[in-house]
Each structure stands twice: as structure tokens, then as C-alpha cells.
Amino acid sequence: MKNATRLWLMLSALTLLLAGCTAGGMQAGTRTHLSATQCRDLTEIRNKAPVTRERSMSELAALEEAGYHPGWFFDPYYPADLEVAQRRVDTWYLTECPQTRPG
């Protein structure tokens with residue numbers, strides 16, 4: 001019964017999320033995923049700059065935006081979910097931060 005309640009809550013939340021997306025809550029191409037600060041910090045990380053708390057927190061915020069949740073006590077999908085988030089952030093970096101790429 002406990003699992004049925006948890007499943008019901010999860011399905012309800014997913015339904016509301018999908019309803020918001022289809023109602024126009026997420027319009028493609030109108031927002032960027034990475035801020036200018038995140039672009040700068042990711043560039044510095046890729047260029048082997050010294051590690052700072054600010055850069056680490058910026059990278060973590062980008063990974064969380066990409067769907068990675070490090071605070072979950074038990075994550076049956078780790079490390080696959082982290083790798084997916086890293087690939088997503090890499091894609092965002094290449095498309096949204098072209099002016100900060102080394103070259």
C-alpha cells in the first residue's frame with residue numbers, strides 16, 4: 001500500500017509537469033540554460049584553472065539544471081544520471097557559450 005501511494009504521488013506530479021509543458025510553459029529557443037557566469041566558470045574549469053568553491057558551485061548548479069540530483073540518498077541510476085547531465089551541460093556549453101570557448 002505504501003508503494004501504491006508513492007506511485008500515485010509520483011504520477012500526479014508527472015502529469016502536472018507534462019501539462020505545464022504542453023500548455024506553453026516551456027517554449028523552445030526562448031531561454032538559455034547557462035548563465036554568463038556559468039559559461040565563464042565552465043571555460044575556466046576546462047582550461048584547468050585552480051579549483052574554487054564558486055566554480056564548483058557553478059558547475060554543480062549547471063548539472064542540477066541538467067537533471068542531476070546529488071542530494072538523493074539512494075540513486076539507483078548513479079553514475080549514469082551524472083553522465084547524462086554532464087553530456088547535456090557539454091551540449092549547452094557548446095551551443096550557448098561560443099564566445100568563451102578557447103580556440
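The values are calculated or read from the model by the stated rules, or taken from the named source; none is laboratory data. As the structure is a computational prediction, the values presented were derived from the model and not from experiment. Every residue, glycine among them, receives a Cβ derived from its backbone with ideal geometry; neighbour counts consider all protein chains shown.
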Can you name every residue in region 45-66 that is more than 17 Å from ARG87 (Cα to Cα) and buried (at least 16 other Cβ atoms within 10 Å of the Cβ)?
ARG55
Elements of type helices (runs of 4 or more DSSP H) in the chain, at least 3 residues being at pLDDT 80 or above:
36-46, 53-65, 80-96
